[in-house]
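Notes to accompany the following structure.
Bear in mind that the values in this text are calculations on the coordinates, not laboratory data. Since the structure is predicted, the reported quantities are computational estimates derived from the model, not experimental observations. All Cβ positions, glycine included, derive from the backbone under ideal geometry; neighbour counts span all protein chains shown.
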Amino acid sequence: MALIPWTLWLTFSLPSRHVSDHYDLAWVGFDIALAAVLGLTARAAFRGSHLLAPLAAATGAMLVCDAWFDIVTSTPGERLEAILEAAFAELPLAAICGYVVYDVEGVHASVRLLRKR
């Protein structure tokens, strides 16, 4: 419940434009973390690890955040590219991660079958 007034306060108090000295560092750091968690999720799937569900959840959340911030921070000339990237890469991968969380045992069984081939 406390999030509602906080969000309303932010809505009316934050500036619509803000310049950051470390914008590039923020994005590079986020993308490195995203690549790491994607790799850890793939490794957990391949090894049948009990960490697969929480890693897939974290990866999915990061992909949705990446799509959101790519779109809302893009310039008008970059926006179409950001929307297409979200629609055809980030959000579908996030949906796959959501499915993995939903049916982690089925994913483990499928991976075991693929490894036997």
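Report yes if ALA56 is under 30 Å from VAL107 (Cα atoms), surrounded by 10 or more Cβ atoms within 10 Å (Cβ to Cβ) and in contact (Cβ under 8 Å) with a residue 24 or more places away in the chain, otherwise no.
Details: under 30 Å from VAL107 (Cα atoms): yes; surrounded by 10 or more Cβ atoms within 10 Å (Cβ to Cβ): yes; in contact (Cβ under 8 Å) with a residue 24 or more places away in the chain: yes.
Against the criterion (under 30 Å from VAL107 (Cα atoms), surrounded by 10 or more Cβ atoms within 10 Å (Cβ to Cβ) and in contact (Cβ under 8 Å) with a residue 24 or more places away in the chain), ALA56 qualifies.
Does VAL64 satisfy being loosely packed, with under 14 Cβ neighbours inside 10 Å and free of Cβ contacts under 8 Å to residues at least 40 places away in the same chain? Steps first, please.
Values: loosely packed, with under 14 Cβ neighbours inside 10 Å: no; free of Cβ contacts under 8 Å to residues at least 40 places away in the same chain: yes.
No, not satisfied.
Please work out which one of (1) surrounded by 13 or more Cβ atoms within 10 Å (Cβ to Cβ); (2) more than 12 Å from the chain's Cα centre (by Cα); (3) more than 16 Å from VAL37 (Cα to Cα) is the condition LEU84 fails and give its number.
(1)
Would you call CYS97 free of Cβ contacts under 8 Å to residues at least 60 places away in the same chain, within 25 Å of PRO15 (Cβ to Cβ) and either surrounded by fewer than 15 Cβ atoms within 10 Å (Cβ to Cβ) or not aromatic (Phe, Trp, Tyr) (or both)? Talk me through it step by step, then tell me what you get.
Values: free of Cβ contacts under 8 Å to residues at least 60 places away in the same chain: yes; within 25 Å of PRO15 (Cβ to Cβ): no; either surrounded by fewer than 15 Cβ atoms within 10 Å (Cβ to Cβ) or not aromatic (Phe, Trp, Tyr) (or both): yes.
Here the answer is no, as CYS97 does not meet what is asked.
Can you pull out the residues in the stretch 32-43 that are closer than 19 Å to ILE96 by Cα and without any contact (Cβ under 8 Å) to a residue 12 or more places away in the chain? Even if it seems obvious, please write down each step before you answer.
First, the residues of the stretch 32-43 that are closer than 19 Å to ILE96 by Cα: 33-43.
Those that are closer than 19 Å to ILE96 by Cα and without any contact (Cβ under 8 Å) to a residue 12 or more places away in the chain: ALA35, ALA36, GLY39, ALA42, ARG43.
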